[in-house]
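Q: Before we start, here is the structure in question, set down as structure tokens.
The values are calculated or read from the model by the stated rules, or taken from the named source; none is laboratory data. Nothing here was measured: the structure is a model prediction, and the numbers come from that model. Cβ sites come from the backbone with ideal geometry, for glycine too, and all protein chains shown count toward neighbours.
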Amino acid sequence: MSELKYAASFRELIVYQKARQLSREIFQFTARFPKEEMFSLTDQVRRSSRSVGAQIAEAWGKRKYEKHFASKLTDADGEQYETQHWIETARDCDYLTPQETESLLQRYAEIGRLLGGMIAKSDQFCNPSPYHVRELQADYIVSTSDD
């Protein structure tokens, strides 16, 4: 198996690029929503869709600590699920067509799968720099026997 190409920036991550594209599409779709939805549904779906990419970017900045990296990616996954909920709500209100809804939901599910893969392989994204000193884990529990 070949080595994955190292991304120099979160902007190079396919999942980040897809999240940004979808947030732009959400903005375009929500521009058609009724004005009375501006401070409820429109705002909610726009904010959650934008948050997916923001959480990925934030995770990138936390790669020094694998658990923090995975935690932020988990937050991004939660935001994509929230966005799916708002998309379905918009469909329930007839603001989106069935075809628009299905396309958006499928692509958000793809983002979820990509995030899941990154979380499962977070160690590959969080390789320690050879310039950092790391110590081995200390033994905190010592077996003592008086025998």
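Q: Got a sec? Which helices (runs of 4 or more DSSP H) wholly within the stretch 33-147 have at least 3 residues that are at pLDDT 95 or above, more than 29 Å from residue 12 (Cβ to Cβ) and not small (Gly, Ala, Ser)? Steps first, please.
A: Values: elements: 43-61, 66-92, 98-120, 122-125.
In the stretch 33-147, 66-92, 98-120 are the helices (runs of 4 or more DSSP H) which contain 3 or more residues that are at pLDDT 95 or above, more than 29 Å from residue 12 (Cβ to Cβ) and not small (Gly, Ala, Ser).
Q: Read through the list (1) over 11 Å from the mean Cα position of the chain (by Cα); (2) without any contact (Cβ under 8 Å) to a residue 40 or more places away in the chain; (3) surrounded by 16 or more Cβ atoms within 10 Å (Cβ to Cβ), then give the number of the only condition that residue 88 fails.
A: Only one criterion in (1) over 11 Å from the mean Cα position of the chain (by Cα); (2) without any contact (Cβ under 8 Å) to a residue 40 or more places away in the chain; (3) surrounded by 16 or more Cβ atoms within 10 Å (Cβ to Cβ) is unmet by residue 88, namely (3).
Q: Something else about it: Return the pairs, sorted by first residue and then second, in which the second residue is of a type in the set (Val, Ile, Thr), the first residue lies in the stretch 7-30 and is part of a loop (DSSP other than H, G, I, E, B), the beta carbons are less than 8 Å apart, and the residues are 6+ apart or on different chains.
A: Going by the 8 Å Cβ cut-off, the qualifying pairs are 13/56.
Q: What are the residues in the stretch 5-40 that are of a type in the set (Ser, Thr, Tyr) and surrounded by fewer than 18 Cβ atoms within 10 Å (Cβ to Cβ), if any?
A: 6, 9, 40
Q: Mind checking whether some residue in the stretch 106-116 is loosely packed, with under 14 Cβ neighbours inside 10 Å, without any contact (Cβ under 8 Å) to a residue 60 or more places away in the chain and of a type in the set (A, V, I, L, M, F, W, C)?
A: Scanning the stretch 106-116, I find at least one residue that is loosely packed, with under 14 Cβ neighbours inside 10 Å, without any contact (Cβ under 8 Å) to a residue 60 or more places away in the chain and of a type in the set (A, V, I, L, M, F, W, C), so the answer is yes.
Q: Name the residues in the stretch 1-48 that are within 15 Å of residue 115 (Cβ to Cβ) and touching an Asp or Glu at 6+ places or on another chain (Cβ under 8 Å), would you?
A: 18, 48
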